[in-house]
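Student: What follows is a structure written as structure tokens; I'll ask about it next.
The values are calculated or read from the model by the stated rules, or taken from the named source; none is laboratory data. This structure is a prediction, so every number in the text was calculated from the model and none was measured. Positions of Cβ are backbone-derived with ideal geometry, glycine not excepted, and every protein chain shown enters the neighbour counts.
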């Protein structure tokens with residue numbers, strides 16, 4: 001669905017990939033798209049890719065939801081207004097529940113509160129408005145559980161003490177993941193294009209976190225055990241895989257594989273890849289729970305199962321002789337096909 005509201009400057013794309021398991025659920029991304037041939041076409045491509053990922057994520061998270069995603073085109077720092085968000089909410093409402101929205105890159109809890117004034121199919125709202133609050137909390141927790149499962153599969157123990165973890169992107173999710181890692185006794189190296197985000201982590205954990213100049217320096221860090229991409233997608237490309245020093249990749253970013261075949265390149269190098277949509281599903285588990293009257297303990301208990309799901313994916317991959325990303329896709333597709341009666 002292409003959305004445009006000239007008075008507010010709204011240009012948006014809403015993509016619904018599947019409703020086999022239930023109403024499509026996925027966040028709204030507010031992002032400037034400089035890509036060729038046009039920002040609109042880049043936004044459509046991103047929305048379609050992200051909506052597919054949400055279908056697979058929701059299936060493996062055991063949710064009664066299909067996959068959808070929306071993007072609002074433009075720089076949120078310049079374009080985001082209450083009127084624009086209300087206009088966007090009216091477009092979501094016009095789908096009459098086929099798509100349920102939530103936060104994503106560039107949108108926040110307070111934005112969902114505004115959108116909800118025009119659209120009851122909005123989740124990720126503030127606790128004051130009956131919502132679950134910031135979904136980054138359980139996203140980070142779920143990635144941490146996936147990381148523990150990866151360590152258990154690779155090294156025989158989920159213990160991350162004295163492991164060196166590189167976190168690329170310490171924004172909404174990444175800085176919370178750092179907290180979990182430090183509590184577990186890991187050594188943490190961080191980088192981010194936003195130096196204010198880096199400073200926030202360093203101020204919170206003086207002398208416990210080190211920094212890398214950029215992502216290229218981070219992935220080449222000697223002795224790196226785990227690489228956690230936690231920013232935008234496409235973090236794993238041909239060049240990255242060739243120079244990556246870590247034995248495990250497990251992070252919060254969506255669509256980490258830059259193109260088909262990267263998952264095989266990782267496997268060929270002996271790098272264990274935890275499929276992003278498996279381990280970063282804690283946030284969608286949190287916002288889905290909100291639709292039933294939010295209970296944090298219940299949502300956290302479900303997010304903790306990401307540990308078991310990640311191990312199951314690794315074991316299936318080994319048994320079938322395929323990379324974990326392929327095993328995860330197969331399991332998600334099986335669950336969606338079952339729900340659709342095929």
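Student: Could you please find all residues in region 324-335 being more than 20 Å from the chain's Cα centre (by Cα) and in contact (Cβ under 8 Å) with a residue 60 or more places away in the chain? Quick ask: steps written out before the conclusion?
Tutor: Taking region 324-335 first, the residues more than 20 Å from the chain's Cα centre (by Cα) are 334-335.
Across region 324-335, the qualifying residue is only 335.
Student: Can you spot a residue in region 64-80 that is surrounded by fewer than 19 Cβ atoms within 10 Å (Cβ to Cβ) and within 21 Å of residue 303 (Cα to Cα)?
Tutor: The answer is yes, given that some residue of region 64-80 is surrounded by fewer than 19 Cβ atoms within 10 Å (Cβ to Cβ) and within 21 Å of residue 303 (Cα to Cα).
Student: Could you tell me whether residue 260 is crowded, with 22+ Cβ neighbours inside 10 Å, farther than 15 Å from residue 187 by Cβ and either modelled with pLDDT under 95 or touching a strand residue (DSSP E or B) at 6+ places or on another chain (Cβ under 8 Å) (or both)? Walk me through it before giving the result.
Tutor: Values: crowded, with 22+ Cβ neighbours inside 10 Å: no; farther than 15 Å from residue 187 by Cβ: yes; either modelled with pLDDT under 95 or touching a strand residue (DSSP E or B) at 6+ places or on another chain (Cβ under 8 Å) (or both): yes.
No.
Student: Quickly run through region 152-167 and pick out the residues that are surrounded by fewer than 24 Cβ atoms within 10 Å (Cβ to Cβ), within 22 Å of residue 57 (Cβ to Cβ) and touching a strand residue (DSSP E or B) at 6+ places or on another chain (Cβ under 9 Å).
Tutor: 153
Student: Here is a further query. Specify the residue that is nearest to residue 67 (Cα to Cα); the eligible residues are those in region 274-323 that are outside any helix (DSSP H, G or I) and under 15 Å from the mean Cα position of the chain (by Cα). Steps first, answer last, please.
Tutor: Quick first cut of region 274-323, residues outside any helix (DSSP H, G or I) only: 274-275, 280-281, 291-295, 305, 321-323.
Then drop every residue that is not under 15 Å from the mean Cα position of the chain (by Cα), which leaves 274-275, 280-281.
On the way: 274: 20, 275: 17, 280: 14, 281: 12 Å.
Applying the filter and picking the extreme gives 281.
Student: Take region 51-66 and flag every residue that is more than 18 Å from residue 314 (Cα to Cα) and either under 15 Å from the mean Cα position of the chain (by Cα) or without any contact (Cβ under 8 Å) to a residue 24 or more places away in the chain (or both). It would help to see each step written out before you state the result.
Tutor: Here is the first cut: in region 51-66, the residues more than 18 Å from residue 314 (Cα to Cα) are 51-55, 58, 63-66.
Answer for region 51-66, where residues must be more than 18 Å from residue 314 (Cα to Cα) and either under 15 Å from the mean Cα position of the chain (by Cα) or without any contact (Cβ under 8 Å) to a residue 24 or more places away in the chain (or both): 51, 52, 53, 54, 55, 58.
Student: So, residue 87, is that one in contact (Cβ under 8 Å) with a residue 40 or more places away in the chain, touching a helix residue (DSSP H, G or I) at 6+ places or on another chain (Cβ under 6 Å) and within 18 Å of residue 76 (Cβ to Cβ) or not? Working first, answer last.
Tutor: On the way: in contact (Cβ under 8 Å) with a residue 40 or more places away in the chain: yes; touching a helix residue (DSSP H, G or I) at 6+ places or on another chain (Cβ under 6 Å): no; within 18 Å of residue 76 (Cβ to Cβ): yes.
It is false that residue 87 is in contact (Cβ under 8 Å) with a residue 40 or more places away in the chain, touching a helix residue (DSSP H, G or I) at 6+ places or on another chain (Cβ under 6 Å) and within 18 Å of residue 76 (Cβ to Cβ).
Student: Between 199, 208, 154, which is modelled with pLDDT of 95 or more, over 22 Å from the mean Cα position of the chain (by Cα) and more than 20 Å from residue 309 (Cβ to Cβ)? Let's see the steps before the verdict.
Tutor: Working: 208 fails: modelled with pLDDT of 95 or more; 154 fails: more than 20 Å from residue 309 (Cβ to Cβ).
It is 199.
Student: Residue 179 fails exactly one of the following numbered conditions: (1) buried (at least 24 other Cβ atoms within 10 Å of the Cβ); (2) not assigned by TED's automatic domain parsing to the domain that holds residue 28. What is the number of that condition?
Tutor: Against the list (1) buried (at least 24 other Cβ atoms within 10 Å of the Cβ); (2) not assigned by TED's automatic domain parsing to the domain that holds residue 28, residue 179 comes up short only on (1).
Student: OK, next. Considering region 56-86 alone, what residues qualify as being within 30 Å of residue 336 (Cα to Cα) and in a helix (DSSP H, G or I)?
Tutor: 56, 57, 58, 59, 60 - these are the residues of region 56-86 that are within 30 Å of residue 336 (Cα to Cα) and in a helix (DSSP H, G or I).
Student: Right, here's the next one. Would you mention how many residues in region 112-130 are over 19 Å from residue 76 (Cα atoms) and part of a helix (DSSP H, G or I)?
Tutor: Final tally of qualifying residues: 3.
Student: Which residue, of 15, 42, is free of Cβ contacts under 8 Å to residues at least 12 places away in the same chain, outside any loop (DSSP other than H, G, I, E, B) and over 14 Å from residue 87 (Cα atoms)?
Tutor: Numbers: 15 fails: free of Cβ contacts under 8 Å to residues at least 12 places away in the same chain.
When all the criteria are applied, what remains is 42.
Student: Moving on. How many residues, within region 131-150, are crowded, with 24+ Cβ neighbours inside 10 Å, in contact with a strand residue (DSSP E or B) (Cβ under 9 Å, 6 or more places away or on another chain) and in a helix (DSSP H, G or I)?
Tutor: Residues in region 131-150 being crowded, with 24+ Cβ neighbours inside 10 Å, in contact with a strand residue (DSSP E or B) (Cβ under 9 Å, 6 or more places away or on another chain) and in a helix (DSSP H, G or I): 3 in total.
Student: Residue under question is residue 294, and the condition is that it be closer than 21 Å to residue 156 by Cα, surrounded by 18 or more Cβ atoms within 10 Å (Cβ to Cβ) and touching a residue at least 40 places away in the same chain (Cβ under 8 Å); does it hold?
Tutor: Details: closer than 21 Å to residue 156 by Cα: no; surrounded by 18 or more Cβ atoms within 10 Å (Cβ to Cβ): yes; touching a residue at least 40 places away in the same chain (Cβ under 8 Å): yes.
Answer is no for this residue.
Student: What number of residues in region 95-111 are out of contact with any helix residue (DSSP H, G or I) (no Cβ under 8 Å at 6 or more places or on another chain) and part of a helix (DSSP H, G or I)?
Tutor: 2
Student: Looking at region 211-229, which of its residues are part of a helix (DSSP H, G or I) and either within 24 Å of residue 158 (Cβ to Cβ) or under 21 Å from the mean Cα position of the chain (by Cα) (or both)? Give the derivation first.
Tutor: Within region 211-229, the subset part of a helix (DSSP H, G or I) is 215-219.
Passing the criteria: 215, 218, 219.
Student: Please tell me if residue 198 is touching a strand residue (DSSP E or B) at 6+ places or on another chain (Cβ under 8 Å), in a strand (DSSP E or B) and either in the same structural domain as residue 272 (by TED's automatic domain parsing) or buried (at least 18 other Cβ atoms within 10 Å of the Cβ) (or both).
Tutor: So residue 198 does not fit the description; no.
Student: Still on this structure: So which residues in region 234-266 are in contact (Cβ under 8 Å) with a residue 60 or more places away in the chain and assigned to a helix (DSSP H, G or I), if there are any at all? Reasoning before the result, please.
Tutor: Pass one, region 234-266, residues in contact (Cβ under 8 Å) with a residue 60 or more places away in the chain: 235, 246-248, 250-255, 257, 263.
Selection gives 263 alone.
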